[in-house]
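Asker: Quick one: the structure is below, and I'll ask about it shortly.
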Amino acid sequence: MSASPQRRRRLLLLGGGHSHALTLLDWAQRPLPTSDLELVLVNPSRHSLYSGLVPAWMAGRQALAALQIDLAALCQAAGARLMLGEAEALDAQHQRLRLSNGESLDYDLLSVNTGSTLRPPEHAGPCLTLRPLSRLIHDWPAFLQTWQHEDGPLALDAVGGGAAGVEVLLAVLHRLHLLRPDRPMQARLFSASDRLLVGHPTGVARRAELALRQAGVQLALGRRWQPGDSPAGSCLLWAAGAQPPAWLARSGLALSSDGYLAVNPSLQSRSHPSVFAAGDSAAFSPPLDKSGVRAVRMAPTLADNLRATWVGQPLQVHRPQSAVLALLALPDGRAIASHARWGSAQGRWVGRWKDALDVGFMRRFAPEALASLNPPGVS
Ligand SMILES: Cc1cc2nc3c(=O)[nH]c(=O)nc-3n(C[C@H](O)[C@H](O)[C@H](O)COP(=O)(O)OP(=O)(O)OC[C@H]3O[C@@H](n4cnc5c(N)ncnc54)[C@H](O)[C@@H]3O)c2cc1C
């Protein structure tokens, strides 16, 4: 890495996703050598959102604050500067990032953890899109307001039969019914594949299917949603087709065939050694499912390897687990457990297990937990 004579060398964390939140936490506990380091985190907002609790929030079981990670407090604890902004272009050759507000930032070392996004089709009617979460947290309360104050039936078409789509559809129906039991609803779930929850054991799909049918959802499996499928006035819930951000395609970085940042086993870009990536942004080989659990598991390797690169030490290798546990929240407090080797389980005890894991994760970022760390001083 080349040092600029005008400024301290800059380690730029782009996106406050799960991996970067944990990386900063690690550095708050084991500070980086900061004498010539400017550590900057760029994220569109002060808070990052923990997706595992989104269905519980939508179902009305959790307050929004329960899923917010305060990046400003986290940065302060880690000696980093939080810059509010959104990457719009990345020039990997010149090591420069451009933000949507026109500002540019040079970097010596970059780490990308901006997650994935969804791009719903143009649709005349209302559409709730699961990503970005920063939009969903505004769209969902607005949707609820309208629902509460209007009359008449609702036709809801959900698109996407993955875990998030199933959890959120159940949460939405539960909440809408609680608020206005008098308003009739009709819900359908479209999935291009002919079974739900591809990649999960069949028992998980069966349990989810039953939960959806009990909630009155009509399943349209093996059917790719087309604009003509939803009659005028119906509402879309869009949960299909996670995609990488558009700016990655023009960055000059090596990408996977589906457009994510191609990394080696050390989470380092396959084309540019000064760039790392983790979470949904990273295309690992062999490919990993895009999940918060995977992003969390990559964090220790990322934190260590950014540190090692900074001080010129050898990199570690990320060894992903062959199968990870997934817990799908049901709106009544139960949950479905899914594991490639163990199969599936369901019940209130699984719900309590999920709650304990989620609350345990968030507790690490609570103000009192961060305050107990020794801040090395803001750069
Ligand atoms: C409703 C829902 C529920 C889910 N539940 C689970 C679950 O229970 N378990 C599980 O394992 N997975 C779950 N997932 C999947 C999980 O959310 C993702 O796989 C995970 O969030 C990826 O984490 P990440 O660290 O890569 O990025 P993210 O957590 O998506 O964070 C990305 C961050 O980057 C920021 N960002 C985005 N674009 C830019 C930009 N251009 N410039 C700067 N910053 C940017 C974002 O604002 C955000 O703060 C769920 C997904 C959804 C939608």
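Read-outs: derived from the displayed coordinates by stated rules, not from any lab. All figures in this text were calculated on a predicted structure; none of them were measured in a lab. Ideal geometry is used to build each Cβ from the backbone, glycine not excepted, and the neighbour counts take in all protein chains shown.
Asker: What's the angle, to the nearest 10 degrees (0 to 90), between helix 133-149's Cα axis and the longest principal axis of the chain?
Answerer: The answer is roughly 30 degrees.
Asker: Sort 332-339, 17-24 by the packing proxy (mean of other Cβ within 10 Å over each peptide's residues), most packed first.
Answerer: Highest to lowest by the protection proxy: 17-24, 332-339.
Asker: In whole angstrom, how far apart do the alpha carbon centroids of segment 309-352 and segment 29-107 sit?
Answerer: Distance between centres, Cα-based: 24 Å.
Asker: A further question on this structure: Restricting to DSSP loop positions (anything but H, G, I, E, B) with no more than 14 other Cβ atoms inside 10 Å of their own Cβ, which trypsin sites (Lys or Arg not before Pro) remain in segment 242-328?
Answerer: Answer by residue number: Arg250.
Asker: What is the sum of charges around Ala72, taking Lys and Arg as +1, Asp and Glu as -1, for the other residues whose C-beta is under 15 Å from the C-beta of Ala72?
Answerer: Charge balance in the 15 Å sphere: +1.
Asker: From the helices alone, meaning DSSP H stretches of at least four residues, give me the mean residue ellipticity at 222 nm for the chain, per-run term -39500 (n - 2.57), in deg cm²/dmol to the nearest 500.
Answerer: After summing the helix terms and dividing by the residues of the chain, the value is -9500 deg cm²/dmol.
Asker: Assuming a viscosity of 1.306 mPa s and a temperature of 10 °C, what translational diffusion coefficient in µm² per second does Stokes-Einstein assign to segment 127-238, Rh being the Kirkwood radius over Cα pairs?
Answerer: Roughly 110 µm²/s, to the nearest whole number.
Asker: If you don't mind, there's one more thing I want to ask. Which angle between 0 and 90 degrees, to the nearest 10, do you get for helix 292-311 versus the longest principal axis of the chain when only C-alpha atoms count?
Answerer: Once rounded, the angle reads 10 degrees.
Asker: Now, a different point. Could you work out the relative contact order of segment 127-238, using alpha carbon pairs under 8 angstrom and six or more residues apart, expressed as a whole percent?
Answerer: 37 percent
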